[in-house]
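Derivation of every value follows stated rules applied to the coordinates shown; laboratory data play no part. These figures come from a predicted structure and were not determined experimentally. Using ideal geometry, Cβ is built from the backbone for each residue, glycine included, and neighbour counts are taken over all protein chains shown.
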Amino acid sequence: MEKYPSFGQETSSRNSEVIHAGIYYPLDSLKLKTCLEGNRLLYEFCQAHNILFKRTGKLIIAINKEEEKDLEQLFKRGRENGVKDLEQLPIAKLHTVEPHIKATAALFSPSTGIFDTHSYMKQLAASFKKDGGQIAYNTELTKITKINNGYELSVIDNGKESFTFDSRIVINCGGLHADKVAVTAGLALEEYRLKYCKGDYFRLAPAKASLIKHLVYPVPKPSSGGLGIHLTPDLSGSVRLGPDDEYVKEIDYNINAAKAAAFCESVNGFFPKVTLEDITPDTSGIRPKLQGPGEGFRDFIIRNEEDRGLPGLINLIGIESPGLTASLSIARLVAGLVKPIL
C-alpha cells in the first residue's frame, strides 16, 4: 500500500543518489552491515538490469590541521569497517585528479558511486509485480488492529472510501511516517519517534560543474544531522551542492533561496572557484532521523514486534542514509524475519 500515486515520492527520490561504501558507521551496527552488503548488491543489480550507474569514487577532504586529525580517524574507522579499498590520497595526486579542489589531506573511496534511483525503484516495482505482488497506490493506512490470525488494516483510498482487510504479516516501511504507522498498531514508543531533518540542494552552473569529476565531501561534523554540504555530480554531468541539515517540524519541500550565500561560503572552503552567481536552488529532501539535534548515533530499527505481543508486525523505522544503498540488504534481512512466520 502506498498513499501517493506512485512509488518513492519522498525520501527515496529526494536524495543525492549516492552508493555509499560504509565508512562512517559504528562497528556491529545495522547501518554498517547493510551498507557493506548493499553496496555490492546494488552494483550487481544495476549491472544485471541495465540501470545507469557510475563508480565516480569519492574524496573526503580536510582543509586544516584539525580536520586532518579527524580524517585520520575516519580512515581508521573505514578500514576497520571493512572498506578495504579506502586509501589516503597524496596531495599531489589529489591535485592531479581534482586540480580545482583546495585541501591539505584527502581520503579516496573508489567503491562510492552514483546511480539512477528512479529506474532502480521502477525495476523493483516491476519485479515485485512479476512475482505476483500487487501495489495499491492512492491508498492510505489509518489503523492496524490485532486480530486472532494477524491484523485488520483500515485504509482510505483516493476517493476517500474506507475499507478493511486482513493480513497475517504487516511490514511497516513507511519512511517519514513509519513511527505514526507503529502508533496505529499500538506502539507509541518514544524511541520510535522520528525527527525530520531537512536538506536543501543548490545546482552548480555548467561551467563550474565541468571542473568536478568526483564526489567531494568535507570531513563530517559529529553533531551534524548530515555529512556536510558536498559536491555531487549526477549522471548527466551536472553537479549539486548539498544537502545541508536543518531540523524541522513539518514536511515542507520549499527551498530557502536565502541559503545560497551560506552554501557558497561552505563550499568555498575547498572549492574556491564557486561564486554566488554560480548556484541556483534545486530541490530538497527530508531524512527520517531517530536522533535529534546534537544527539548521538542511532541505528536502523528493523524488528519483528513479537516480544511486544505483535507477532508478524515488522517495523522499519529511521531508515535514513545509507538506507538507499542498503535497501537490497535490508530486504534480505526482512525476508529472514518473514520466512519463519510463513
Checked against a 20 Å limit on the C-alpha separation, the offending pairs among Lys213/Lys289; Lys221/Lys289; Lys180/Lys289 are Lys213/Lys289
When the Karplus curve 6.51 cos²θ - 1.76 cosθ + 1.60 is applied with θ = phi - 60°, which whole-Hz ³J(HN,Hα) does each residue of the range 90-106 get, with x for Gly and Pro?
-> x, 4, 4, 6, 4, 5, 7, 7, 9, x, 9, 8, 9, 7, 9, 7, 8
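May I ask you to derive the relative contact order of the chain, considering only C-alpha pairs under 8 Å and at least 6 residues apart, and to give it as an integer percent? Walk me through the numbers on the way to the answer.
Numbers: 683 pairs, mean separation 76.8, N = 342.
Once divided by the residue count of the chain, the mean separation gives 22 percent.
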Taking N as the residue count of the chain, its alpha carbon Rg divided by 2.2 N^0.38 Å gives 1.04
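Output the DSSP H helices from the chain with an along-axis C-alpha extent of no less than 18 Å and a mean Kyte-Doolittle hydropathy no less than 0.5. Could the numbers behind the result be given before it?
Details: long enough: 30-48 (26 Å, -0.01); 65-80 (23 Å, -2.20); 117-130 (20 Å, -0.71); 323-338 (21 Å, 1.62).
Going by DSSP H runs, the hits are 323-338.
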Cα-based Rg / Dmax (Å) for the range 148-305 = 20.2, 65
How much mean residue ellipticity at 222 nm does the chain get from its helices, if each DSSP H run of length 4 or more adds -39500 (n - 2.57) and you divide by all residues, to the nearest 500 deg cm²/dmol?
-> -8500 deg cm²/dmol
Subtracting the Cα-Cα distance of Lys76 and Glu250 from 0.36 nm times their residue separation yields 58.9 nm
Listed residues Asn148, Asn304, Asn50, most fluctuating in the chain (Gaussian network, C-alpha, under 10 Å) = Asn148
Give me the distance between the Cα centres of the range 114-133 and the range 149-215, rounded to whole Å.
-> 18
To the nearest 20 debye, the chain has a Cα-centred charge dipole, built from +1 on Lys and Arg Cβ and -1 on Asp and Glu Cβ, of 560
Backbone N under 18 Å from the Thr96 label point (7 Å along Cα→Cβ), restricted to the range 35-75 = 57-60
Tell me, rounded to the nearest percent, the portion of alpha carbon pairs in the range 1-140 spaced more than 18 Å apart.
-> 65
The range 230-280 versus the range 1-77: alpha-carbon centroid distance in Å | 19
What residues of the range 35-49 lie in the reach of a label at Ala126, counting those whose backbone N is under 11 Å from a point 7 Å from the Cα along Cα→Cβ?
-> 49
Points 7 angstrom from Cα along the Cβ direction at Ile156 and Ala262: gap in nanometres?
-> 3.5
Across 10 Å bins from the origin, how do the percents of Cα pairs in the range 90-225 run, short distances first?
-> 8, 22, 25, 19, 16, 8, 1
For the range 60-114, the Kirkwood Rh over every pair of distinct alpha carbons, in Å, works out to 11.6
